[in-house]
Amino acid sequence: MRFGTKAIHAGVEPDPSTGAIMTPIFQTSTYVQPSPAKHKGYAYARGANPTRTALQKSIAALENGKFGICFSSGMGATDTVIKLLKPGDEVITSNDLYGGSYRMFTKVYEKYGIKFHFLDLTNAANAAPFVNARTKLFWLETPSNPLMRVIDIQALVAMAKKNGSIVAVDNTFASPYLQNPLDLGADIVMHSVTKYLSGHSDVIMGALVTNDEKLRDELAFITNSCGAVPGPQDCFLVLRGIKTLHLRMERHCFNGKKIAEFLRNHPKVNKVYWPGFTDHPNHDIAKRQMRDFGGMMSFELKGDKLENAVKLMESVKLFSLAESLGGVESLINHPASMTHASIPREERMKNGLTDTLIRLSIGVEDVEDIIDDLNQALQSA
């Protein structure tokens, strides 16, 4: 089954009681059992819900995986993966990743004795000196947030497997339309479902997908025990959103390419970070492990003056200055003060995340209107 067909049909069956083509919203907390001696199926909605089950099957199918688990947020999904670890374990991860992940790793889990190595993983060999018997997890984000750095998933999977470590990949920026880390050897794929999978800026949700039944059982146990589960209404909205994922991603990619090229040729723009450029670091790897290059990008203005960047972000009219990404509308974001504010400034600067960096999530509007808005805002910067 090809991707567009899976997006519409995978995991979704007509309701057996009514024939409804869309999965109903099973708005219930508990389920009646026939007998204490004959308990089976659904029991309590923290453990399972039919609307959530359909969504989990759908997301798993999109990632070419067997098992999917949905969460009340992307951070809930990330938290569940880290709970596989114990004090003394170590994690290899990137020095350019989502600020919320960095905050969780350093402010929540380091105090429980888990050690995180934040490395430049654009060269996989940089991880080798830090791998040891205590290394239990590689947490990868590619393309990264917000500098669009590309990591060679297969190379790091080979290193991890040799060491007996698990590999988890945050696939939020790519979406399953562009990249399938399980096919490249990863053990777990994480999504902030809030973003491209939902696609309409109206849901907060996360998901994990795996092909390993034992790993699924461990993750499901933690999920049920700790309770970071989504409600059925949100699951319904994401099921609806997924049906147009392939159509939306086609437009995100088309618009993204046009905007990246426009920015690169604009006299006020110094640098554009977008993996579709042939001179983007690891472009060859992106071309190999991705099907296209998406609608996420960041850029810096010439002169590197914060007041100019602020003026630009205050001058846009079609773009909305907001957190998040991956919706149908175009968003503009200032990572240093918004999504990555939890990372100390010296760490941000050391890793290339400057105070003047601007991140764009290109929507599905007519691309000429997006260009016109950026152009008028750039004139004021």
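Bear in mind that the values in this text are calculations on the coordinates, not laboratory data. Nothing here was measured: the structure is a model prediction, and the numbers come from that model. Backbone-built Cβ (ideal geometry, glycine too); neighbour counts: all protein chains shown.
Data for the structure
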| item | result |
| --- | --- |
| DSSP beta bridges in the chain [antiparallel fraction, %, rounded to 5] | 55 |
| Exposed GluC sites (Glu not before Pro) absent: longest stretch of the chain, with sites in DSSP loops and at most 16 other Cβ within 10 Å deemed exposed | 1-322 |
| Positive minus negative residues near residue 110 (Lys, Arg vs Asp, Glu; Cβ under 13 Å) | +2 |
| Net charge contributed by nearby residues that have their C-beta within less than 15 Å of residue 282 (K/R +1, D/E -1) | -3 |
| Extended-chain gain in nm, criterion 0.36 nm per residue less alpha-carbon gap, residue 258 and residue 212 | 12.6 nm |
| Charge dipole magnitude, Cβ of K and R +1, D and E -1 - the stretch 139-201, Cα centre, debye nearest 20 | 60 |
| 0 to 90° range, to nearest 10: angle between helix 245-264 axis and the chain longest Cα axis | 20 |
| In nm, spacing of pseudo-spin labels at residue 134 and residue 307 (7 Å Cα→C-beta vector) | 4.9 |
| Label-point gap, in nm, between residue 338 and residue 243 - each point 7 angstrom along Cα→Cβ | 3.1 |
| Simple Cβ-charge dipole of the stretch 188-245, Lys/Arg +1 and Asp/Glu -1, about Cα centre, in debye nearest 20 | 220 |
| 19 Å cut-off, amide nitrogen to a point 7 angstrom out along residue 324 Cα→Cβ, residues in the stretch 232-264 | 232-246, 248-249, 252 |
| Per-pair calculated FRET efficiency, R0 = 45 Å: residue 115 and residue 64 via Cβ, rounded to 0.05 | 0.90 |
| Distance-filtered residues of the stretch 12-49 - backbone nitrogen under 17 Å, label point 7 angstrom along residue 221 Cα→Cβ | 47 |
| Summed side-chain charge close to residue 330 - residues other than residue 330 whose Cβ falls under 15 Å, Lys, Arg +1, Asp, Glu -1 | -1 |
| Potential extension, residue 86-residue 9 segment - 0.36 nm per residue separation minus Cα distance | 23.8 nm |
| Net dipole in debye of the chain [+1 Lys, Arg Cβ; -1 Asp, Glu Cβ; about Cα centre; nearest 20] | 840 |
| Correct option for percent of Cα pairs over 37 Å apart [calculated from the coordinates] among (1) 24; (2) 62; (3) 21 | (3) |
